[in-house]
Amino acid sequence: MQISNLGFPRIGRQRELKFAQERYWRGEITQAELERVAKSLRSTHWEWQAKAGVELLPVGDFAYYDQVLTLSATLNAIPTRHRSEGQADRVDLDTLFRVARGRAPTGGDATAAEMTKYFNTNYHYIVPELEADQSFTVAYEQIFDEVSEAQALGYKAKPVLLGPVSYLYLAKAVGSEFDKLSLLAELLKAYGAILARFAAQGVEWVQLEEPILALELDSDWQEAITSAYVALQQADIKVLLATYYGTIAHHQTLVSALPVSGLHLDLVTAPEQLALFAANLRDEQVLSLGVINGRNVWAADIDSIAQCINPVVNDLKGRVWIAPSCSLLHSPVDLDIETELAPALRLQLSFAKQKLSELAQLKTLLITPESSSVKAEVEAIKASCAARRNARAEAADNQVNERVAALSCDNYERDSVFSARQTLQQQKYQLPLLPTTTIGSFPQTPAIRGLRSRWRKGEITETFYNDQLRQVTKDTVDRQLKLGIDVLVHGEAERNDMVEYFGEQLQGVGFTQFGWVQSYGSRCVKPPLIYGDVSRPKPMTVDWATYAQSLTDKPMKGMLTGPVTILHWSFAREDISREQIATQIGLAIRDEVVDLQNVGIGIIQIDEPAFREGLPLKRSDWDAYLKWAVDAFKLSAAGVSDETQIHTHMCYSEFNETIEAIAAMDADVITIETSRSRMELLTAFEDFEYPNEIGPGVYDIHTPNTPTVDEMVTLIEKAAHKIPVRQLWVNPDCGLKTRTWDEVEPALQNLVEATKVLRRRL
Ligand code: GLN
Ligand code: ZN
């Protein structure tokens, strides 16, 4: 039985790659120096994997920006605007950076290619741009060089690549409109050439990933899978077809018939696939069991995994590989360098490097459980699994569980229906037509960030830090008053991140020092760890809200992050369902909402920007998700009286398919991002006759440009054609923390002015 790995994080355990990339982009180091850092990371990561017993080392999981972009370069599928001069059939590293970032140390600037989330992960890939007459040739040598590099170190290399059909599926057709599948034949020739190069390098196995198999596919895409793997059979190399992030059981007949030498399944998200595919495996095929979660931080229960897969392992004998569920790209790198974790939490954790050891332990349990030489080791493994189970049981918070168990339908509903609430809220606040507001954050200036880092390092006292932040808050409120905004915010200067800020104050949520995961390019995130039952020991935002409200008679909006977003942007425990976790967080936020109301904050916003991201890969699973996600939000919002106005905010660009759920959330006001679509996104609300109030963003906060009065007047008028004007609010698309005051003030001035123009007109 082989220990296999699909891919290892490339960033380095101290984010070495990030720092080298950024220094290179700033012109502080040469390309050769960047490449040296990259090379040393690869060799360290291979060494760790080899030591853990991985025999075929993944090559091609390293990327200078993104592995999909590297593949586009390899295939010569690079937009003309980014090419280096005179290089039609070669791609160099700076070209790759120009595609990703719009600029590089050499060559002219050009608009960067789009980037979007890779399936349901928080990893972003660079969307390939393909034209109707796109040709593909091998134009970039990185992966071949890396194969040689691994071989020179004495390793057996297994190149890993996104498969041709998923590559096409994720790409975007540009220029004229055409069917992307018309490019498949050409693309397959290039894949054939790549595989032939690998074969010539002495490679035995290549891993081709087709994650789209976890989706429901139209028949033409299903047929494409078959024709692709039939065509690639020509190459003198064994293909491991890898799938992940979800079940592919709905494509079982198709997949089992493919002429591939091995199949990898994600058995963490879908363990039920095992029996189905094992029964249909051909004699010459290998089955790779993805049993260690590649997307989370928790130590696996190796003992029970071993029991689960033991029958199949015995049946298939040497034809079983054990592996993480997906590439370890989505896990932090190394638990060993964490020095400040509570022992009871540390015990529960396993990062990428530790997950490799778990595979080694699993192998021990599977193949030699009775042999006396490893008996002690086996006992130790079992004991630590049991210790973890005990630690979890001991940490359970009965109060939280009793509260969840006691919930009834009433807890999810406001006292009255929206129309009745609207009347009461209107009487209370007497807001003008088209009330103006912002989404919450105001510029996080270098001064604020510097202050926070000095406070974290202990260089300034908490009192001093808070005093300074109070001054920032006062300044933020003063500026809004001067601008004439109707519903104010305190500005979120005290928050580093909208999830971390709450995570740090919630019971049952922990933090690491170095638990970074790549989000895109050199950008990494460090998600909180939801390890136990979640509760709120004390108010989290009440002091800031009270202080801000004390500065003005105008309504001050309380600002919270919603349960679905907190859950989705954290590493969540796996011993209870996501629905249960969301319910617990919903209760914690509900307590905060009620406390805010009780100190006189009558307008409270519960942000849910990650609401849509949580949607499952298969549409047939959407309803179940939407049901509990909507419920968690409603639970957080429904503890207040009718007069209290609940806002929510979502900044994504697709409401058509979820509008019913959005309406079911029953927020009194929802603010959304609409300026870039020029209000097109409002159509979903219009068609649905969405009854509650809406603030469609009229100011694109992603650019430094100042929107003019006229532009915003036009946008608001467009909105008013779709939604009755009494229901409309006027606000930017999203928070303003990434902008400067020089940008924000004139933009908001114009926003207020545009509103005045329309109030006179309407
Ligand atoms: N209130 C948050 C802010 O203004 C919302 C951020 C978001 O939607 N991502 O920054
Ligand atoms: Zn937003």
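The values are calculated or read from the model by the stated rules, or taken from the named source; none is laboratory data. These numbers come from a predicted model, not from an experiment. A quick note on method: Cβ atoms are made from the backbone with ideal geometry, for glycine too, and the neighbour counts reach across all protein chains shown. Remember, those area values only see protein heavy atoms, side chains included, never the ligands or the DNA or RNA. Shrake-Rupley method; radii C 1.70, N 1.55, O 1.52, S 1.80 Å.
Close contacts from region 43-57, counting a first residue that is touching a residue at least 40 places away in the same chain (Cβ under 8 Å) and a second that is of a type in the set (Ser, Thr, Tyr), with Cβ to Cβ under 8 Å and a gap of 6+ residues or different chains, come to Trp46/Tyr155; Ala50/Tyr155; Ala52/Ser357; Val54/Ser4; Glu55/Ser4; Leu56/Ser4; Leu57/Tyr155.
Can you name the residue in region 247-265 that is touching a helix residue (DSSP H, G or I) at 6+ places or on another chain (Cβ under 8 Å) and not aliphatic (A, V, I, L, M) and, of all such residues, is nearest to Lys158 (Cα to Cα)? Selected residue: Pro259.
The set of residues in region 623-654 being more than 16 Å from ligand 2 (Cβ to nearest atom) and among the acidic types (Asp, Glu) consists of Asp623, Asp631, Asp642, Glu643.
What's the number of the only condition in (1) over 19 Å from Leu130 (Cβ atoms); (2) of a type in the set (A, V, I, L, M); (3) touching a Pro at 6+ places or on another chain (Cβ under 9 Å) that Ala63 fails to meet? Single failed check for Ala63: (3). Every residue in region 633-674 that is more than 13 Å from Asn692 (Cβ to Cβ), surrounded by 23 or more Cβ atoms within 10 Å (Cβ to Cβ) and within 14 Å of ligand 1 (Cβ to nearest atom), please. Residues satisfying the conditions are His649, Met650, Thr674.
Scan region 432-456 residue by residue and report those that are surrounded by 14 or more Cβ atoms within 10 Å (Cβ to Cβ) and without any contact (Cβ under 8 Å) to a residue 40 or more places away in the chain. Lay out the reasoning, then the answer.
So in region 432-456, the residues surrounded by 14 or more Cβ atoms within 10 Å (Cβ to Cβ) come out as 434-445, 448, 451-452, 454-455.
Listed by number, the residues that qualify are Leu451, Arg454, Trp455.
Matching residues to (1) within 16 Å of ligand 2 (Cβ to nearest atom); (2) among the charged types (D, E, K, R); (3) open to solvent by less than 60 Å² (accessible area, probe 1.4 Å):
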position	(1), (2), (3)
Glu680	no, yes, no
Glu686	no, yes, no
Tyr690	no, no, yes
Glu693	no, yes, yes
Asp700	yes, yes, yes
Asp710	no, yes, no
Glu717	no, yes, no
Leu736	yes, no, yes
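Candidates are the residues of region 79-99 that are surrounded by fewer than 24 Cβ atoms within 10 Å (Cβ to Cβ) and within 28 Å of the chain's Cα centre (by Cα); the one that is farthest from Gln2 (Cα to Cα) is Pro79. Here Glu459 fulfils each of the conditions (1) part of a loop (DSSP other than H, G, I, E, B); (2) open to solvent by 50 Å² or more (accessible area, probe 1.4 Å); (3) under 24 Å from Ile589 (Cα atoms) apart from (3). Every condition in (1) assigned to a helix (DSSP H, G or I); (2) open to solvent by 10 Å² or more (accessible area, probe 1.4 Å); (3) within 24 Å of Glu35 (Cβ to Cβ) holds for Tyr140 except the one numbered (1).
Restricting attention to region 359-409, the residues being under 27 Å from Gly508 (Cβ atoms) and not in a helix (DSSP H, G or I) number 5.
Residues of region 482-511 that are away from ligand 1 (no atom under 16 Å from the Cβ), buried (at least 17 other Cβ atoms within 10 Å of the Cβ) and closer than 25 Å to Ala447 by Cα: Leu483 alone.
Could you please find all residues in region 675-685 being of a type in the set (Lys, Arg) and within 16 Å of ligand 1 (Cβ to nearest atom)?
From region 675-685, those of a type in the set (Lys, Arg) are 676, 678; that's our starting set.
Selection gives Arg676 alone.
Can you confirm whether Glu657 is of a type in the set (Asp, Glu), within 25 Å of Gln426 (Cα to Cα) and more than 16 Å from ligand 2 (Cβ to nearest atom)?
Working: of a type in the set (Asp, Glu): yes; within 25 Å of Gln426 (Cα to Cα): no; more than 16 Å from ligand 2 (Cβ to nearest atom): yes.
Here the answer is no, as Glu657 does not meet what is asked.
Does Ser419 satisfy the condition of being surrounded by fewer than 13 Cβ atoms within 10 Å (Cβ to Cβ) and farther than 25 Å from Met650 by Cα?
Numbers: surrounded by fewer than 13 Cβ atoms within 10 Å (Cβ to Cβ): yes; farther than 25 Å from Met650 by Cα: no.
No; evaluated as a whole, the condition is false for this residue.
With respect to the conditions (1) closer than 30 Å to Thr70 by Cβ; (2) in contact (Cβ under 8 Å) with a residue 40 or more places away in the chain, Asp497 lacks only one, and its number is (2). Can you pull out every residue in region 171-187 that is out of contact with any Pro (no Cβ under 6 Å at 6 or more places or on another chain) and open to solvent by less than 20 Å² (accessible area, probe 1.4 Å)? Leu183, Leu184, listed by residue number.
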